[in-house]
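Coordinate-derived values only; no laboratory data. This is a predicted model, so every value here is computed, not measured. Here Cβ is always computed from backbone atoms with ideal geometry, including for glycine, and neighbour counts include all displayed protein chains.
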Amino acid sequence: MSSRLGGISRILLALGMTFLVFAAQGRDALPMAEDETVEKRMVAISDELRCLVCQNESLSGSHAELANDLRREIRSLIKDGKSDAEIMDFMVSRYGDFVRYRPPLKATTYLLWFGPFLLLAGAIVALVVYLRRRGRRVAAAAENADGGLSADELRQAEALLKQTETIESENKR
Amino acid sequence: MKRFLIPLGLFALLVGFLAVGLRLDPREVPSPLVGKMAPRFELPQLASPDKKFSPQDMLGKVWLLNVWASWCVSCRAEHPVLVFLAKQSTVPIVGLSYKEVRGDGELDAAQLLPGDELPLATKRANAWLAARGDPYLLTALDLDGRVGIDYGVYGVPETYLIDKQGVIRYKHIGPVTRQALDEKILPKIKELEK
């Protein structure tokens, strides 16, 4: 039967099959939210939240089951007219500060926030101390400009210099 | 000799930090719900879905709320421990069947008719309990996982210890082991029973 099909019919058949494939995939896609502004806010909020199942992914980018449920929850909270802060509170009161990618500043997170600056200050102090010590060592070396010869060697060197001077003056004569 | 003391000290400090870090489990996120009232809910009971269960029913008792599902592999490992605990009848255990149908990755819940989910969940949960023993006073069915979200569930199994006033006192994440039972949960129950 297929041998009787003309060229155009074949192309149409191929096209039809392609659409069938698309249709089959379309069924599995997640239902898009009807409201674009809700969706935008949901993505903005869930970008700030950690997915607890796959901890290094944000809630907006995660395919975990729980992430799906939580996004649905955020969507419904937005539709209920909750503010971003209220939605954040909703999440934190259930999952703790850990869900936030930006941890809040409080007594338990002082070290987290200020620790790096503390380390930086320590490094600067260490650097200053080291530079000062090195500076002193260089200055001390400059004072001993005689090149660190002993008294005996110094006398010997002076004697040698004098000798060359007398030889030079004799040669001039 | 002295110049080696500082790097050696720093090295020891680093090893100390790493040793502590290795012992911490990043999956164990401390729950903000510990010390707070157990969130209210009202869910159908597995044994008779017309009857509802609410945490208020347990006021005046120290009890455990164990979140489980038949598709959850770790729950299988945990279950004998719960059955053992139930035999001692030290503490009532209430089961929270979490997304029994929707949570199962091998099943397309979107294809189910709305009325079919509850019977299917009941059938699956009952079959599981029949095969492995039922340690629960009763099991509440959280089909869509909304109650799970209120309790901050992010992985099954999880177990909450709730006191006589209805305050969550402890949350155990992951399967309850004999060790966790003896070292953490049972001592806490004893303390709360006073």
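Among the GluC sites (Glu not before Pro) within the range B:55-133, those in coil by DSSP and having at most 12 neighbouring Cβ atoms inside 10 Å are B:106.
Multiplying the residue separation of residue A:80 and residue A:63 by 0.36 nm and subtracting their alpha-carbon distance yields 3.7 nm. Placing pseudo-labels 7 Å out from each Cα toward the beta carbon at residue A:11 and residue A:161 gives an inter-label distance of 10.2 nm.
Annotation: amide H-H contacts under 5 Å for residue B:95 (H modelled 1.01 Å from N, sequence separation of 5 or more, or interchain): B:66, B:137, B:138, B:139, B:140. The residue A:54 and residue A:97 beta-carbon pair, evaluated with R₀ = 25 Å, returns a calculated FRET efficiency of approximately 0.85. Here the range B:31-193 carries DSSP beta bridges of which approximately 60% are antiparallel, counting only pairs with both residues inside. Calculated over the range A:36-103, the projected area of the Cα convex hull averaged across directions stands at 4.0 nm². Helical runs (DSSP H, four residues minimum) scored at -39500 (n - 2.57) apiece and divided by the length of the protein assembly as shown put the mean residue ellipticity at 222 nm at -16500 deg cm²/dmol. If R0 is 35 Å, the Cβ-Cβ spacing of residue B:22 and residue A:131 corresponds to a FRET efficiency of close to 0.40. Every Cα-Cα pair in chain B was counted, and those over 23 Å apart are 48% of them. When the alpha carbon coordinates of the range A:112-166 are projected onto the principal axes, the ranges are 76, 18, 10 Å, largest first. Available extension along the chain between residue B:15 and residue B:120 is 32.5 nm, counting 0.36 nm per residue and deducting the alpha carbon span. Counting DSSP beta bridges with both partners in the protein assembly as shown, what percentage is antiparallel, nearest 5? Bridges in the protein assembly as shown that DSSP calls antiparallel: roughly 60 percent.
Shown in residue order for the range B:2-17 are the 3J(HN,Hα) couplings computed by the Karplus curve 6.51 cos²θ - 1.76 cosθ + 1.60 at θ = phi - 60°: 4, 5, 8, 5, 5, x, 5, x, 4, 4, 4, 4, 4, 4, x, 4 Hz (x for Gly and Pro). Other residues whose C-beta falls under 12 angstrom from the C-beta of residue B:67 contribute a net charge of -3, scoring Lys and Arg +1 and Asp and Glu -1.
Within the range A:48-156, the chymotrypsin sites (Phe, Trp or Tyr not before Pro) that combine a DSSP coil assignment with at most 11 other C-beta atoms in a 10 angstrom radius are A:101. Counting 0.36 nm for each residue step from residue B:40 to residue B:113 and taking away their Cα separation leaves a gain of 23.4 nm.
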